[in-house]
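Coordinate-derived values only; no laboratory data. As the structure is a computational prediction, the values presented were derived from the model and not from experiment.
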């Protein structure tokens with residue numbers, strides 16, 4: 001792989017944050033590869049992936065991930081412990 005291709009495939013501006021969506025703890029992981037931002041939303045325990053999105057900006061990618069994760073979590077039943 002040439003140097004230009006390697007530079008385009010490098011993860012940059014990596015960021016993680018935790019928030020609540022539909023009363024579930026969710027971790028958003030976002031980063032940039034080339035010109036696109038990627039975002040993954042997972043429920044912290046057990047860490048199952050809820051959404052994977054892309055956008056031109058971090059805000060766009062995270063907004064899509066939050067929306068998709070919210071739709072999935074809204075349909076999830078919680079059993080009494």
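The candidate values are (i) 1.26; (ii) 2.46; (iii) 1.08; the one derived from this structure for Cα Rg over 2.2 N^0.38 Å carries the label (i). With 0.36 nm allotted per residue and the present C-alpha distance subtracted, the residue 74-residue 29 stretch has 14.1 nm of extension available.
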